[in-house]
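The values are calculated or read from the model by the stated rules, or taken from the named source; none is laboratory data. Here the structure is a predicted model, which means the values were calculated and not measured. Note that each Cβ is placed from the backbone with ideal geometry, even for glycine, and that neighbours are counted across all protein chains shown. The accessibility values were calculated without ligands, DNA or RNA, using every heavy atom of the protein model including side chains. Shrake-Rupley method; radii C 1.70, N 1.55, O 1.52, S 1.80 Å.
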Amino acid sequence: MLNPDPALFSIEDAFAMRRVNGIKVSPDGSEILCVISLDDLKRNTREDNVALISTVDKGITIIAKGSSPIWSPDGERIAYLGCADGQSAIWIYDIKNNERKFLTAVHESSYFIDHLAEYNFLWSPDNRWIAFVSTTPFSHPKDAGNDVREINRLLYKSKGGHGRPFFADD
């Protein structure tokens with residue numbers, strides 16, 4: 001039952017809570033991979049961190065800012081979405097060497113090109129390849145001094161919202 005006294009729980013309390021999602025157990029069961037998210041009410045931002053939690057000593061290690069982590073089949077590396085020069089990118093984290101390596105930029109679209117995928121990318125069974133979906137980068141020509149944007153096509157069954165516009169990007 002909810003407490004009728006709103007003074008006991010404030011909006012600041014809600015923003016101070018950390019959320020854990022994307023939980024995946026390592027192939028050998030020794031670690032848990034997840035994303036720990038924390039909102040900053042004052043800056044109006046959210047920070048997602050890829051983390052490893054030891055199943056032995058319960059220690060938490062933040063390995064990078066990012067999301068959508070996934071174990072390699074051998075459990076020695078982790079692929080995750082991060083940022084490189086302001087662009088979404090796939091990164092590889094080597095657990096033994098504690099090293100992060102940029103793999104490739106991922107170009108997004110206002111359309112859900114991967115909306116039916118269970119994961120944004122996936123390791124091959126032999127740990128050698130990563131399959132992912134990306135668009136071709138597209139930039140709209142800008143008319144200096146003109147802030148008007150003409151929309152001349154609409155997506156069929158557009159699903160705008162959640163950061164996506166209601167119109168196509170081309």
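Computed values, structure above
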item: Loop trypsin sites (Lys or Arg not before Pro), the range 1-91 (other Cβ atoms within 10 Å of the site Cβ: 11 or fewer; DSSP); result: 42, 43, 58
item: In the range 1-100, the chymotrypsin sites (Phe, Trp or Tyr not before Pro) that fall in loop regions by DSSP, at most 15 other Cβ within 10 Å; result: 9
item: Point-to-point label distance, residue 45-residue 11, nm (Cα→Cβ direction, 7 Å offset); result: 2.0
item: Gained length - residue 133 relative to residue 30, 0.36 nm times residue gap less alpha-carbon distance; result: 34.0 nm
item: Nearest-0.05 FRET efficiency for residue 61 and residue 21, computed from C-beta distance (R0 22 Å); result: 0.80
item: Förster radius 30 Å - calculated FRET efficiency between residue 54 and residue 126, Cβ distance, rounded to 0.05; result: 0.65
item: Environment charge at residue 124 (Cβ cut-off 13 Å; Lys +1, Arg +1, Asp -1, Glu -1); result: 0
item: Hydrodynamic radius (Kirkwood) for the range 5-110, which is based on Cα pairs only, to one decimal in Å; result: 15.2
item: Formal net charge of residues neighbouring residue 46 (Cβ-Cβ distance under 10 Å; K, R +1; D, E -1); result: -2
item: Accessible surface of the range 40-108, 1.4 Å probe, proportion on carbon and sulfur as whole %; result: 47
